[in-house]
1. Of all residues in the range 33-53 being modelled with pLDDT of 95 or more and assigned to a loop (DSSP other than H, G, I, E, B), which is nearest to Glu128 (Cα to Cα)?
2. For the list (1) surrounded by fewer than 13 Cβ atoms within 10 Å (Cβ to Cβ); (2) in contact (Cβ under 8 Å) with a residue 40 or more places away in the chain; (3) closer than 30 Å to Pro172 by Cβ, I need the number of the one condition that Val118 fails.
3. Taking the condition touching a Phe, Trp or Tyr at 6+ places or on another chain (Cβ under 8 Å), aromatic (Phe, Trp, Tyr) and either part of a loop (DSSP other than H, G, I, E, B) or closer than 19 Å to Val101 by Cβ (or both), does Phe57 pass?
4. Considering only residues of the range 76-96 that are under 21 Å from Gly40 (Cα atoms) and buried (at least 16 other Cβ atoms within 10 Å of the Cβ), which is farthest from the chain's Cα centre (by Cα)?
5. Within the range 83-99, can one find any residue that is in contact (Cβ under 8 Å) with a residue 60 or more places away in the chain and either over 17 Å from Val114 (Cβ atoms) or assigned to a strand (DSSP E or B) (or both)?
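The values are calculated or read from the model by the stated rules, or taken from the named source; none is laboratory data. Keep in mind that what you see is a predicted model, and the values were worked out from it rather than measured. Quick reminder, even Gly has a Cβ in these numbers, built from the backbone with ideal geometry, and neighbours come from all protein chains shown.
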Amino acid sequence: MKRVNRKIFSSLSMLAMAFLILITAISATGLPIVKAQPIGMLFVDPPYQEVQVCTNFMVKVNMSVIRPVSIVAFNLTFDPNLMECLDVTNTSFPPGQILTVLLYNNTVGWVVVVIEAVPPFSNGTVAEIWFHCKAEGVSPLNFTDYAIELANDDGETLPAELFNGTVNQVMPPVGGEVLTIDSLALLIPWIATAGAVAVATVMVLTSRRTSNH
């Protein structure tokens, strides 16, 4: 009898444990997922542009934050087979920055910018990046690494929303730029000349017939 009771107790214990695990799993799936709220955003400006092969163009990396920050850093990638970086500047950045790192690599295809500023800064253009279009195709401009820190926080990395960009590189039209031409405006002088010649011819023929009579 004791053995039977032990078996029943053991079975009930295993059943209770399995039920508890199942209930825990079901409850976990219904729990809300807490995500860190972004303090701001970094975005490529313009988000899309079309450029011709063998021309230079510029994109900006702008920042918008809800509170001033003292450090901004990002890594922007591009397709090195289609384009190459010519220069990285931050001429529109507010004065007073104490550290600026502007690097680019055309073999792998990335641009790294790190800026630390005093006093802290808010919204504006973080970097102007000049590219040269090498070949036809579409190249993404994607952020792969970033960090934004508050001015008085010790090493606290704050979340930020990232908005990538795209560059569509096209071949120039054959024969140069295509212009819209008003063909009628070009033909009017020729039509007028042809009409004058026709009238003159009729007058000459009429004059000859009159003379013959």
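1. Pro46
2. Every listed condition holds for Val118 apart from (3).
3. Working: touching a Phe, Trp or Tyr at 6+ places or on another chain (Cβ under 8 Å): yes; aromatic (Phe, Trp, Tyr): yes; either part of a loop (DSSP other than H, G, I, E, B) or closer than 19 Å to Val101 by Cβ (or both): no.
So Phe57 does not fit the description; no.
4. By that ranking, first place goes to Phe93.
5. Of all residues in the range 83-99, those in contact (Cβ under 8 Å) with a residue 60 or more places away in the chain come to 83.
Filter once more, so that each one left must be either over 17 Å from Val114 (Cβ atoms) or assigned to a strand (DSSP E or B) (or both): 83.
Taking every residue of the range 83-99 in turn, at least one turns out to be in contact (Cβ under 8 Å) with a residue 60 or more places away in the chain and either over 17 Å from Val114 (Cβ atoms) or assigned to a strand (DSSP E or B) (or both).
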